[in-house]
There are 2 protein chains.
Amino acid sequence: MNLPPIVQSFVLHFGEMGSRWGIARTVGQIYAVLFVSAEPLCADDLVDRLGISRSNVSIGLKELQSWNLVRLRHVPGDRREFFSTPDDVWAILRTLVQERKKREVDPTLSVLRDLLLQSPQSDAEAHAQARMRDMLAPMELLTKWYDDVERLETERLIQLLGLGATIVKALDAKDRLFALPGRKAAAKTS
Amino acid sequence: MNLPPIVQSFVLHFGEMGSRWGIARTVGQIYAVLFVSAEPLCADDLVDRLGISRSNVSIGLKELQSWNLVRLRHVPGDRREFFSTPDDVWAILRTLVQERKKREVDPTLSVLRDLLLQSPQSDAEAHAQARMRDMLAPMELLTKWYDDVERLETERLIQLLGLGATIVKALDAKDRLFALPGRKAAAKTS
DNA sequence: CCGTGTTTTCAATCATTTCTGAAAATTCGG
DNA sequence: CCGAATTTTCAGAAATGATTGAAAACACGG
């Protein structure tokens, strides 16, 4: 590995993290190198810095492209392809979440919905379906929330996150104030 | 595999998902079986239903316990250990996020902070540090948000999520109305 | 304590994934 | 079109991670 020490630590850490999240170690490393690089890099730069094979870099870059995590640049008068990451970390985060949702959450939602349409042939199956319903509800609420938040401009998103739980505290106060006699509102007064 | 068809589909899907998230396939399957089961199961039940070795089940259960994802029960007059998942899916989700944060996010934050304390020996390192600072900021905001939200009762959390981006829209309107020249003031009005 | 039923450990095996080198395909300036 | 520079593909090697069976450790009722 041919990198200055600070960068190398960063790159090794992200390789490690990547592999814990189901991303090949070298793909994580490639991304880390691109992320901290001052200018776009070509495949051979990566071979050079990471000490991995050219073909591995090629595959890794393809993988990163399929995740939309990497931008491709062409330098005039140079035939090579150069790669970089977006400058905006929020944009990167959004892409990451979006892709992950597309690949894992959405298919899970459709499996659950599909299995809930089938008629249970036993008590065990009926109970299993009840549990799946329990699981579906939070997932649907979360994806709905995400769909909502995803559209926000970054400035607004930051604002919303900065607010944290304060809004709910306000609601809480309001609930108490009006003491709704209805259902499960204000149930916990301990 | 000795499971009714609906359950089997569910279990296979979660095994698959697990392995995409860096969890062994069988660990995901064990969790799925426990999740949909009407009563707690012992290790041999799992061997039976999943058709995997006893030792694999033992390792899987230990793994799930280390993630706090599984409750251990003792049936009086029976020497075996029985396992179940919490009934409340929100509780499960919280645990999952919490553990994941502890294992991956927190260490990453400290690596970043640590690397930012070192003095750069080159322009490349200085630029890399600037990028790390770019990365640190959103991560800190997100973890702060999470710390805040984590403490909410489930009822409140659901409320907050249901609100989605509407709060920000209100802020937006208010900002426009008062056309504040300053920064992010006016956050706390109650 | 003894014996039985149960869980855990661990070295070995098996499976999967990652990585490589060499060859094929592609691209573009001339 | 040609040929050099570059990228992609792919079959096999290497590495990693998962799974197993057998044996050890444990725990409890008698």
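The values are calculated or read from the model by the stated rules, or taken from the named source; none is laboratory data. On a predicted model such as this, the values are computed, not experimentally measured, just so you know. Here the Cβ is made from the backbone with ideal geometry for all residues, glycine too, and neighbour counts use every protein chain on show. When the accessible area is computed, the model is the full protein with side chains, heavy atoms only, and any ligands, DNA or RNA have been set aside. Shrake-Rupley method; radii C 1.70, N 1.55, O 1.52, S 1.80 Å.
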Item to check | Carbon plus sulfur fraction of accessible area for the protein assembly as shown, probe 1.4 Å, in percent | outcome: 55 percent
Checklist entry - Mind checking which of B:95, B:26, B:108 has the largest fluctuation in a GNM of chain B, springs on alpha carbons under 10 Å? => result B:108
Checklist outcome for this item: Expressed in nanometres to one decimal, the distance between label points 7 Å along Cα→Cβ at residue B:68 and residue A:127 is 2.7 nm
Checklist entry - Which shape class applies to the range A:1-91: rounded if a/c is under 1.5, otherwise prolate when a/b exceeds b/c and oblate if not, where a ≥ b ≥ c are the square roots of the Cα gyration tensor eigenvalues? => result rounded
Checklist outcome for this item: Note on the range A:5-84: contact order normalised by length, alpha-carbon pairs under 8 Å, 6 or more apart, percent, works out to 25 percent
Checklist entry - Which GluC sites (Glu not before Pro) in the range A:98-167 pass both tests, a DSSP loop state and at most 16 other beta-carbon atoms within 10 Å? => result A:153
Checklist outcome for this item: Magnitude of the Cβ-charge dipole (Lys and Arg +1, Asp and Glu -1) of the range B:1-106 about the Cα centre, nearest 20 debye, reported as 280 debye
Next on the checklist: Longer than 23 Å from Cα to Cα, which of A:62/A:144; A:62/A:102; A:102/A:169 are they? Say none if no pair is.
Outcome noted: A:62/A:144; A:102/A:169
Checklist entry - Once you charge only the Cβ atoms, +1 for Lys and Arg and -1 for Asp and Glu, what is the size of the charge dipole of the range A:86-157 about its Cα centre, to the nearest 20 debye? => result 120 debye
Checklist entry - Is the protein assembly as shown rounded, prolate or oblate when judged by the Cα gyration tensor, a ≥ b ≥ c being the square roots of its eigenvalues, rounded requiring a/c under 1.5 and prolate requiring a/b larger than b/c? => result oblate
Next on the checklist: As a test of the formula, what do you get for chain A when each DSSP H run with n ≥ 4 contributes -39,500 (n - 2.57) and the sum is divided by the residue count, at 222 nm and rounded to the nearest 500 deg cm²/dmol?
Outcome noted: -21000 deg cm²/dmol
Checklist outcome for this item: Toy charge model, Lys and Arg Cβ at +1, Asp and Glu Cβ at -1: the protein assembly as shown dipole around Cα centroid in debye, rounded to 20, equals 660 debye
Next on the checklist: Report the A-B buried area as the accessible area lost on both sides summed, probe 1.4 Å, in Å² to the nearest 100.
Outcome noted: 6100 Å²
Checklist entry - How much accessible area per residue does the protein assembly as shown have, in Å², with a 1.4 Å probe? => result 55 Å²
Next on the checklist: Tell me which DSSP H helices of chain B clear both cut-offs, 15 Å or more of axial length from alpha-carbon atoms and a mean Kyte-Doolittle hydropathy of at least 0.5.
Outcome noted: B:25-36, B:106-117
Checklist outcome for this item: Dipole check, chain A, charges on Cβ (K,R +1; D,E -1), about Cα centroid: among A:58, A:167, A:98 the Cα furthest to the positive pole belongs to A:167
